[in-house]
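J.: Here you go, one structure.
The values are calculated or read from the model by the stated rules, or taken from the named source; none is laboratory data. All of these numbers come straight from a predicted model, not from anything done at the bench. When we count neighbours, we look across all protein chains shown, and the Cβ atoms used for this are built from the backbone with ideal geometry, even at glycine. Each accessible area value is taken on the protein alone, full model and side chains, heavy atoms only, with ligands, DNA and RNA left out. Shrake-Rupley method; radii C 1.70, N 1.55, O 1.52, S 1.80 Å.
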Amino acid sequence: MQSYRSLWLAAVLLFGGCSTWEGLSLRSQSPEEPDPAGTSASLVGDLAVPYGMFPVKLENIGLVTGLKGTGSDPKPGSQRSALMATMQAHGVAAPNAVLASGDTSLVSIRAVIRPGIQKGDRFDIEVRVPSNSETTSLRGGFLLQADLKEMAVLEDKSTHAQSIGQGHIYGRAEGPVLVDPSADAKTDHVNACRGRVLGGGVALKSRPLALVLKPEHQSVFNSARIESIVNKRFHTYEKGVKVGAAKAKTNEYIELKLHPRYKDNVQRYVAVVRSLPLKESETERNERLTLLEKQLLDPITSSRAALQLEALGKLGIELLKKGIQSKDAEVRFYSAEALAYLDETAAAQPLGETARNQPAFRVFALTALSAMNDYAAVEQLHELLKVPSAETRYGAFRALWTMNPNDPAIRGENLGGQFAYHLVETTEEPMVHVTRSRRPEIVLFGAGQR
């Protein structure tokens with residue numbers, strides 16, 4: 001779903017055949033050592049900055065099969081050698097003969113995995129034919145299973161010779177290659193030799209998030225203090241055992257586990273964690289709540305105030321409910337968004353209103369609704385399937401699918417193991433939606449279309 005700094009991959013739909021292959025240093029400080037910067041800091045974000053909020057690029061060489069004569073034998077070189085080694089590792093008989101077939105092609109595989117991606121999550125894959133290849137089209141092809149790694153160009157400073165350095169294996173790719181239907185192999189060689197595998201990548205490990213203490217605040221005391229503060233507010237489950245979301249690894253590095261409610265809005269999760277108060281007495285908290293109420297009702301400061309109230313959990317709910325009664329649409333949205341991540345029923349109606357009437361906040365409202373575990377949110381999304389806006393209708397469909405793929409209103413069928421087909425009843429203008437990312441899918445809004 002949408003995030004504040006999103007990076008989306010695009011693809012167009014056409015389907016092919018199927019085939020398969022058989023640390024950081026720890027300074028010696030006492031946990032009791034006080035914060036060297038004094039007590040002016042009031043929130044976790046005053047002491048620490050987020051780490052791991054950048055996308056990671058993965059690459060490898062792979063083999064596409066099922067090309068019906070449009071493939072080619074790859075030229076000698078490092079890419080062919082790497083592919084040969086992979087084929088031998090998979091026990092492929094006569095790999096040279098396989099590569100020489102016009103039904104196969106060597107391709108470069110690329111993908112970008114988002115911050116906070118969890119083991120088992122899926123992502124899009126991009127495949128391209130190398131520039132020196134004689135392959136004319138990837139249409140109808142199937143990408144055989146390939147591991148995806150971080151890669152970097154390394155240079156020997158003495159000889160200036162370059163080599164490719166390989167990092168950890170983060171994912172695995174496989175699936176039918178989707179090529180632009182308008183790309184003709186004779187007149188548009190570039191696009192005919194590029195494709196996507198929608199949702200063809202699967203993460204083999206979770207990407208950790210973290211907080212890194214600012215240099216002036218680095219101490220075992222502060223690291224342990226932040227761990228304790230975060231764990232009082234957020235926890236996850238591992239094999240049925242409740243565990244805190246934070247783990248202080250060193251005097252400057254605190255690892256964060258992603259809370260499931262924020263799986264589609266990692267940036268917000270980190271922002272809420274950084275909005276947690278460090279330490280305050282009951283009197284100080286009451287004073288801050290009074291100030292936050294004023295800030296929440298002011299559109300200029302409403303966003304930040306809502307985050308801090310969300311960070312307080314149950315203590316912030318009543319003030320946020322006041323916010324959704326505001327006459328200002330922006331204040332109502334920020335208040336409702338925070339309530340949604342606290343799973344409060346009262347958030348559903350104003351978020352539905354925002355999705356209908358406020359295009360600037362629409363995607364955030366839909367994301368917040370999909371994060372709720374409440375039937376009121378489901379009802380709002382069902383109603384949004386019927387509005388005139390094409391963006392809103394499909395956004396509601398996607399939110400419902402995220403919540404429950406088996407919801408009767410959007411449940412579809414898998415056609416030939418290649419793509420999902422959904423029919424959504426609507427009284428508005430008929431519409432056909434074809435995905436360009438995430439999963440191969442066609443959604444018809446309105447029955448009887450030809």
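J.: Mind listing whichever residues of segment 221-247 are part of a helix (DSSP H, G or I) and closer than 18 Å to PRO50 by Cα? Outline the logic, then answer.
T.: Taking segment 221-247 as the starting set, the residues that turn out to be part of a helix (DSSP H, G or I) are 221-233.
ASN222, SER223, ALA224, ARG225, ILE226, GLU227, SER228, ILE229, VAL230, ASN231, ARG233, listed by residue number.
J.: Can you list the helices (runs of 4 or more DSSP H) lying wholly within segment 256-355 that have 3 or more residues being more than 28 Å from the chain's Cα centre (by Cα)?
T.: Numbers: elements: 266-274, 282-296, 302-311, 317-323, 329-341.
Ranges flagged: 282-296, 317-323.
Residues are listed down the side, and each one gets a yes or a no for (1) aromatic (Phe, Trp, Tyr); (2) under 20 Å from VAL44 (Cα atoms); (3) open to solvent by 50 Å² or more (accessible area, probe 1.4 Å):
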residue: SER281; (1), (2), (3): no, yes, yes
residue: LYS294; (1), (2), (3): no, no, yes
residue: LEU297; (1), (2), (3): no, no, yes
residue: ALA329; (1), (2), (3): no, no, no
residue: ALA336; (1), (2), (3): no, no, no
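J.: Sticking with this structure for a sec: Does segment 57-73 hold any residues that are small (Gly, Ala, Ser) and either open to solvent by 20 Å² or more (accessible area, probe 1.4 Å) or in a loop (DSSP other than H, G, I, E, B) (or both), and which are they? Write out each step before concluding.
T.: First pass over segment 57-73, keeping only residues small (Gly, Ala, Ser): 62, 66, 69, 71-72.
Residues satisfying the conditions are GLY66, GLY69, GLY71, SER72.
J.: Of the numbered conditions (1) open to solvent by less than 60 Å² (accessible area, probe 1.4 Å); (2) among the charged types (D, E, K, R); (3) within 28 Å of GLY120 (Cα to Cα), GLU252 satisfies every one except a single condition; which is it?
T.: Only one criterion in (1) open to solvent by less than 60 Å² (accessible area, probe 1.4 Å); (2) among the charged types (D, E, K, R); (3) within 28 Å of GLY120 (Cα to Cα) is unmet by GLU252, namely (3).
J.: When both residues are 6+ apart or on different chains and their Cβ atoms are under 8 Å apart, which pairs have a first residue that lies in segment 216-238 and is farther than 13 Å from ALA311 by Cα, and a second that is open to solvent by less than 30 Å² (accessible area, probe 1.4 Å) and among the polar types (S, T, N, Q)?
T.: Pairs found: GLN218/ASN251; SER219/ASN251; VAL220/ASN251; ASN222/ASN251; SER223/THR250; SER223/ASN251.
J.: Something else now. Mind counting the residues in segment 40-76 that are among the β-branched types (Val, Ile, Thr) and out of contact with any Phe, Trp or Tyr (no Cβ under 9 Å at 6 or more places or on another chain)? Full working, then the answer.
T.: In the first step, residues of segment 40-76 are kept if they are among the β-branched types (Val, Ile, Thr); the result is 44, 49, 56, 61, 64-65, 70.
Cutting the leftovers down to out of contact with any Phe, Trp or Tyr (no Cβ under 9 Å at 6 or more places or on another chain) gives us 44, 49, 61, 70.
Qualifying residue count, segment 40-76: 4.
J.: Those residues that are open to solvent by 70 Å² or more (accessible area, probe 1.4 Å) and part of a loop (DSSP other than H, G, I, E, B), I need them from segment 74-102; list them, please. Lay out the reasoning, then the answer.
T.: So the first thing to find is which residues in segment 74-102 are open to solvent by 70 Å² or more (accessible area, probe 1.4 Å), and the list is 75-76, 78-79, 81, 88-89, 93, 96.
LYS75, PRO76, ALA93 - these are the residues of segment 74-102 that are open to solvent by 70 Å² or more (accessible area, probe 1.4 Å) and part of a loop (DSSP other than H, G, I, E, B).
J.: Output the number of the condition that VAL112 fails; it satisfies all remaining conditions of (1) more than 30 Å from PRO50 (Cα to Cα); (2) part of a strand (DSSP E or B); (3) open to solvent by 30 Å² or more (accessible area, probe 1.4 Å).
T.: (1)
For (1) closer than 28 Å to ALA111 by Cα; (2) touching a Leu at 6+ places or on another chain (Cβ under 6 Å); (3) of a type in the set (Gly, Ala, Ser); (4) crowded, with 21+ Cβ neighbours inside 10 Å, each residue gets a yes or a no:
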position: VAL197; (1), (2), (3), (4): yes, yes, no, yes
position: LYS205; (1), (2), (3), (4): yes, no, no, no
position: VAL241; (1), (2), (3), (4): no, no, no, no
position: TYR269; (1), (2), (3), (4): yes, no, no, yes
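J.: Any residue at all in segment 401-415 that's out of contact with any helix residue (DSSP H, G or I) (no Cβ under 7 Å at 6 or more places or on another chain) and in a helix (DSSP H, G or I)?
T.: Just the residues of segment 401-415 that are out of contact with any helix residue (DSSP H, G or I) (no Cβ under 7 Å at 6 or more places or on another chain), to begin with: 401, 404-406, 408, 411-415.
Checking which are in a helix (DSSP H, G or I) leaves us with 401.
Yes, that holds for at least one residue.
J.: If you check every pair at least six apart or on different chains, which have Cβ atoms under 7 Å apart with a residue in segment 239-263 that is among the polar types (S, T, N, Q) first and a residue that is open to solvent by less than 40 Å² (accessible area, probe 1.4 Å) and assigned to a loop (DSSP other than H, G, I, E, B) second?
T.: As it stands, the answer is ASN251/GLN218; ASN251/SER219, since those pairs meet every condition given.
J.: Among what's in segment 147-165 and is within 24 Å of SER105 (Cα to Cα) and at pLDDT 65 or above, pick the residue that is surrounded by the most Cβ atoms within 10 Å (Cβ to Cβ).
T.: In this case the residue turns out to be LEU148.
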